[in-house]
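Some notes on the structure that comes next.
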Amino acid sequence: MKDNSILYVQTSDHPERQYSPLILAQTAKAMNIEAKVYYLGQGLRTLTPEAAEKIKLGSFPSVNEMIRKTLDMGIEIYVCEASKQMLGWEKVDLIPGIKIVGAGTLNDLALDAGATMWF
């Protein structure tokens, strides 16, 4: 277990819930805390470049820009393969840099993290 690490899990496709895990992961990284973000279930619907570009609330950048910044900061973003299959997405173009992983990866990441937050 890594005490100085946080796993942020995104399960929702609601626009209002997209920013929190990304902002918190970026903030954690700035605080020298290891951060990772994992998307599953309906959360995957926001990860195509088109969908992520359309989500822009208030004065915040688009979710696409937020994800790009998160990845550029060296924060890993994972997508659940089983959730991709659940959505019927055999072939889908996700934002480049996002890693598609098996469902068991979430268990491993959660067991390894010092804290886990769900959105």
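Bear in mind that the values in this text are calculations on the coordinates, not laboratory data. Just so it is clear, the structure is predicted and the values come from calculations on it, not from any experiment. Using ideal geometry, Cβ is built from the backbone for each residue, glycine included, and neighbour counts are taken over all protein chains shown.
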Next item on the list: Please indicate, with yes or no, whether at least one residue in the range 40-47 is surrounded by 14 or more Cβ atoms within 10 Å (Cβ to Cβ), farther than 15 Å from S83 by Cβ and either of a type outside the set (K, R) or over 10 Å from the mean Cα position of the chain (by Cα) (or both).
Entry: no
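Restricting attention to the range 48-77, which residues are among the polar types (S, T, N, Q) and without any contact (Cβ under 8 Å) to a residue 12 or more places away in the chain? Don't jump to the end; show me each part of the working.
From the range 48-77, those among the polar types (S, T, N, Q) are 48, 59, 62, 64, 70; that's our starting set.
Once the filter is applied, which keeps residues that are among the polar types (S, T, N, Q) and without any contact (Cβ under 8 Å) to a residue 12 or more places away in the chain, the range 48-77 yields S59, S62.
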